[in-house]
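Participant: Mind having a look at this structure? Questions to follow.
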Amino acid sequence: MKRKIAIQGVAGSFHDIAAKNYFKGDELDIIPCGTFKEVFATIKKDNSVIGVIAIENTIAGSLLPNHNLLKDSGLRIMGETKLRIEHNLVCLKGQTIDDVHDVYSHPIALMQCEDFLAQHPHLCAVESDDTAQSAKRIAENNIMGRAAICGKLAADIYGLEILASGIETNKRNFTRFLIIGDPWTADEHLKGKTVDKSSMVFALPHEEGSLAKVLSILSYYNINLTKIQSLPIIGREWEYLFYVNLTFDNYLSYSQSLDAIRPFTKDLRILGEYVGSKEQ
């Protein structure tokens, strides 16, 4: 039976690649979505669907709206995968870089290739909704003189020629993707697996040392804090939500640390306990 996977983007997108990496060897029914909100809505309509969403990039930083979407959704993180992002300049076959005048891609991809584009001042960067979608439009509409910045898989799927590969400025360019699903689906997926990572969100009182107390407790229980992201709480001046990622070797110690920090936090919520990923 095929796994139904909702992704933001179309076939050949980095979300598509991340899904195939994480579920390597499984048959997948990829459900393309135009937005991240649509990914969440698709899972809500059919709880057998699993979602793949980008959450942070080593260059562009966190995708802040996705943190709030996850918090408000009631869905659970059931895994993660990290993907090395390599950008390529692609176009219809039979052209050279001198034949191209417009380059379409997602704004973040364009930003990550600024040095390459600066070396070719005749290329006009044009923002679009998706890397792979930009490649798909060129192929479907047979557009000469236009290129896209996308992954190699998109070039292969849409039959485009790679004019230049590895054009991203920083080669240490990784995106972390979350695998999300209905709580029941997440529990089934994690059966028999040893979780070693947790994502949570909580608020803190606006008083001196409130965050330091929480961090000290986590340190006491040998819990490793791998990320902390703060977002303001709308309507509550100078109060923040803290999104935190933790890794641990001992689940009991982790569980005890949660009990210990709970009195010092407000609205603490576990977004998921799962198996941490290595770089792909």
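Participant: If R0 is 25 Å, what FRET efficiency do you get for Val126 and Arg172 from their C-beta distance, rounded to 0.05?
Facilitator: The value I calculate is 0.40.
Participant: I need Asp259, Asp182 ordered by Cβ neighbour count within 10 Å, fewest first.
Facilitator: So the residues, fewest neighbours to most, are Asp259, Asp182.
Participant: Further, regarding this structure: In the Gaussian network model of the chain, springs joining C-alpha atoms below 10 Å, which of Ser134, Ser255, Ser105 carries the largest mean-square fluctuation?
Facilitator: Highest fluctuation of the listed residues: Ser255.
Participant: Take the chain, connect every pair of alpha-carbon atoms lying under 10 Å apart with a spring to form a Gaussian network, then pick out the residue of Pro232, Pro107, Pro32 with the largest mean-square fluctuation.
Facilitator: Greatest mean-square fluctuation among the candidates belongs to Pro232.
Participant: Here is a follow-up. First check a/c for the chain, with a ≥ b ≥ c the square roots of the eigenvalues of its C-alpha gyration tensor; if it is under 1.5, answer rounded, and if not, answer prolate when a/b is larger than b/c or oblate otherwise.
Facilitator: Note, shape of the chain comes out prolate.
Participant: Quick check on the chain: helices-only [θ] at 222 nm, where DSSP H runs of length 4 and up contribute -39,500 (n - 2.57) each and the sum goes over total residues. Nearest 500, please.
Facilitator: -9000 deg cm²/dmol
Participant: Quick one: of the DSSP bridges fully inside the chain, what percent are antiparallel, nearest 5?
Facilitator: Within the chain, antiparallel bridges account for around 75 percent of the total.
Participant: Right, here's the next one. Return a whole-number percent for the relative contact order of the chain, with Cα pairs under 8 Å and 6 or more residues apart as the contact set.
Facilitator: Reported relative contact order: 23 percent.
Participant: Continuing with the same structure: Could you tally the net charge around His122, taking each other residue with its Cβ under 14 Å from the Cβ of His122, Lys/Arg +1 and Asp/Glu -1?
Facilitator: -2
Participant: Under 16 Å Cα to Cα from Lys227, which lysines show up? Leave out anything in the same chain fewer than 8 places away.
Facilitator: Straight-line reach from Lys227, under 16 Å: Lys82, Lys197, Lys278.
Participant: Neighbour counts of other C-beta atoms within 10 Å: give me Glu140, Glu168 arranged from fewest to most.
Facilitator: Fewest-to-most ranking of Glu140, Glu168: Glu140, Glu168.
Participant: In whole Å, how far is the Cα centre of the stretch 27-106 from that of the stretch 170-206?
Facilitator: 16 Å
Participant: Let me ask you something else. Roughly what would the spin-label model give for Ser210 and Arg236, points 7 Å off Cα along C-beta, in nm?
Facilitator: According to this spin-label approximation, the distance is 0.7 nm.
Participant: Among the listed pairs Lys24/Lys213; Lys24/Lys71; Lys2/Lys171; Lys152/Lys191; Lys24/Lys266, give every one whose C-alpha distance is greater than 31 Å.
Facilitator: Violating the 31 Å Cα-Cα cut-off are Lys24/Lys213; Lys2/Lys171; Lys152/Lys191; Lys24/Lys266.
Participant: Can you give the relative contact order of the stretch 68-135 as a percent, counting alpha carbon pairs under 8 Å and 6+ residues apart?
Facilitator: That works out to 33 percent.
Participant: Let me ask another. When Val52, Val275, Val214 are ordered from fewest to most other Cβ atoms inside 10 Å of their Cβ, what list results?
Facilitator: Starting with the residue having the fewest Cβ neighbours, the order is Val275, Val214, Val52.
Participant: Of the residues Asp72, Asp102, Asp29, which exhibits the maximal mean-square fluctuation in a Gaussian network model of the chain defined by a 10 Å Cα contact cut-off?
Facilitator: Evaluated over the chain, the most mobile residue of the options is Asp72.
Any read-out appearing in this document is the output of simple, stated calculations on the displayed coordinates, not a laboratory observation. Note that the coordinates shown come from a computational prediction; the quantities given were computed from them, not determined experimentally. Cβ atoms come from the backbone with ideal geometry, glycine included; neighbour counts cover every protein chain shown.
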